[in-house]
Amino acid sequence: MSGLKSSFDLAMDRMAKRGDGLSSLTAEQKEAMAEIASRAKAKVAEIEIMFRPKLEAARAADDAEKLATLEGQQRFEIGKIRERETLDREAVRGK
C-alpha cells in the first residue's frame, strides 16, 4: 500500500508538473503568500470574536431565526475575507 498516494499528493504532483506549486515561487512571493495567509487568519479570528457574544446571546434566548441570521452574516464576512485572500494570492503569483 505504500505505492498509493493521497488525493492531496496527486494534486500536488499535478501542480508541480504545471509549475503551479509553491516551489515555483520566489522567496519574496513565498513571504508575501505567508503574510496574506497570516492576515486572513487574523481577520477571520476577529470576525469570530466579534460574532461570538451575539451568537451566544441568540442561543441563550433560544432565538433560532436570529441565530441563523447571525451565522449567515458570519459566513458571509468570512467568505469575503477568503475571497480577498484568493485574489491577493493570485496577484502575487501574477495570474
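What follows is calculated from the coordinates using simple rules that are stated; it is not laboratory data. Because the structure is a prediction, the values reported are computed rather than measured. Quick reminder, even Gly has a Cβ in these numbers, built from the backbone with ideal geometry, and neighbours come from all protein chains shown.
The phi torsions of the range 56-66, fed into the Karplus equation with coefficients 6.51, -1.76 and 1.60 and a -60° offset, translate into couplings of 5, 5, 5, 5, 5, 7, 6, 9, 5, 5, 5 Hz, rounded to whole numbers, with Gly and Pro shown as x.
Spin-label model, SER38 to ARG84: label points 7 Å out along the Cα-to-beta-carbon direction sit 1.7 nm apart. Computed from backbone phi, the HN-Hα couplings of the range 68-82 come to 5, 4, 5, 4, x, 5, 5, 4, 4, 4, 5, x, 4, 5, 5 Hz, rounded to whole numbers (Karplus: 6.51 cos²θ - 1.76 cosθ + 1.60, θ = phi - 60°; Gly and Pro given as x). In the chain, the DSSP-assigned H stretches of four residues or longer account for a calculated mean residue ellipticity at 222 nm of -28500 deg cm²/dmol, using -39500 (n - 2.57) per stretch and the full residue count as denominator. With a Cα cut-off of under 23 Å and a minimum spacing of 8 residues unless on different chains, the lysine pairs in the chain number 16.
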